[in-house]
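The values are calculated or read from the model by the stated rules, or taken from the named source; none is laboratory data. Here the structure is a predicted model, which means the values were calculated and not measured. Note that we place each Cβ from the backbone using ideal geometry, even for glycine, and neighbour counts take in every protein chain shown.
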Amino acid sequence: MAAGAFLVAFTVPAIAADWEFNGRVAFRTFMADNSKEVPGYYGGAGGPEDDSDLYWGRYVDNWIGATVTAGDITGRFMYRPLEAQVQGAGGDFAQLSASYDFGTWSFLIGKDLGPVNYFPSGQVYLDDMGLVGFGGIFTYFKPLVQATFGNFKIALAEPETPGNVVMPWGVPGMQNSNSGGISDETGAAIAPDDYDTSLPKIEASYSFVVGPASLSVMAGYQSFDAVVYAPSKEYGVDSYIFGVGFKIPFGALYVNGDIFMGQNLGQYQTTFQIGQDDAVYDSAADEIKDTETMGYCLVVGYKLSDMYSLEIGYGYLEHEADMTGTWEDDNTAWYVQLPINVAEGVQITPEVGMIDYGDVQWFGAAAKTEEGDSTYYGARWQICF
């Protein structure tokens, strides 16, 4: 009888729920001309000659999902078949969350976007970059609990698996598992035996409107310790991010952008940040040194007609480690696109742009090292349903 009662209790709301399915299929057709300095893991050759590459295929973030409403409960899911390219094993639910509306506030649990995410740019190159890695703010979908009070959000998210702590010449030292180690400039490893976390990742944001402009202020913090048993020592790594985003419409014209600063964002895992944004192990001082990051982006767009629009965007990102000597890394990107709304839900977006990986000056180096650039052109073909 008890089992039957539970079955009825959970089945009736499901039958009465309102399901709104949705999805997206996008295809990319881009050519990129990469200078010889561009490393292979940035899509270039990383060899002695300039290199051209064709990016022809589906987007990683193609998805199918739904929003399910049953009274005060709302559930959302988004399944990405190509998540294997990101996670390394099969498709995945990039989003799977549910919330309950208490009237004056709401409570959400599951995997979802946290408060520290902002999307001012429509850049479509590769997998809808949106200037992420060049001034955009994106921390991806994370397991969390989140409370929303009007325009204020606060979330407690799953702490990140410790990311890289790099050696003083820029090679990853502490990997995303306990098998990784912190290494000094001689190559001697100080291998953490454990990683301790005592707090979840904490994020908050507040959005408000001033005249025609909408603004959002966001902040996040995370901390963990890399523990060595013999000799007994803990290496603390603290990460934070603080950012402001804005969107200002002027009739058919709009101006969007953001600016942020942070510390050890490699460990915080602000997704796809380009360059050296990890904490650094200083072997001489036997301690972790922080890396500071600053970025911003500015986007200007104009709706030419119901069918055509124009958007221009620029982003900048720089990292600087608190090491003796100079340790700097910077990157920029720009693009111009002409979105074409062929029909409802059908869009073709031609785009041309350039990604400049700038130059980097490693610890102890007398001069900066050029990291190259990529000039690209092509289009995204998209159908939403």
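Observations on the model:
- Residue match in the range 337-358 (condition: modelled with pLDDT under 90 and buried (at least 20 other Cβ atoms within 10 Å of the Cβ)): yes
- Here the range 305-336 is the region considered, the condition is being closer than 24 Å to residue 138 by Cα and charged (D, E, K, R), and the residue that is modelled with the lowest pLDDT is 328.
- Subset of the range 245-260 (residues that are part of a strand (DSSP E or B), surrounded by fewer than 20 Cβ atoms within 10 Å (Cβ to Cβ) and either touching a Leu at 6+ places or on another chain (Cβ under 7 Å) or without any contact (Cβ under 8 Å) to a residue 12 or more places away in the chain (or both)): 246
- Within the range 228-267, the set of residues being aromatic (Phe, Trp, Tyr) and over 22 Å from residue 291 (Cα atoms) comprises 229, 246, 250, 254.
- Residue 45 in a loop (DSSP other than H, G, I, E, B), surrounded by 18 or more Cβ atoms within 10 Å (Cβ to Cβ) and at pLDDT below 90: yes
- In the condition set (1) touching a Ser or Thr at 6+ places or on another chain (Cβ under 7 Å); (2) within 25 Å of residue 52 (Cα to Cα), residue 299 is compliant with all but (2).
Conditions (1) over 20 Å from the mean Cα position of the chain (by Cα); (2) not in a strand (DSSP E or B), marked per residue:
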{"site": "319", "(1), (2)": "no, no"}
{"site": "323", "(1), (2)": "yes, yes"}
{"site": "331", "(1), (2)": "no, no"}
{"site": "335", "(1), (2)": "no, no"}
{"site": "341", "(1), (2)": "yes, no"}
{"site": "348", "(1), (2)": "yes, no"}
{"site": "352", "(1), (2)": "yes, no"}
{"site": "355", "(1), (2)": "no, no"}
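- Selection within the range 274-315 - at positive phi and in contact (Cβ under 8 Å) with a residue 60 or more places away in the chain: 275
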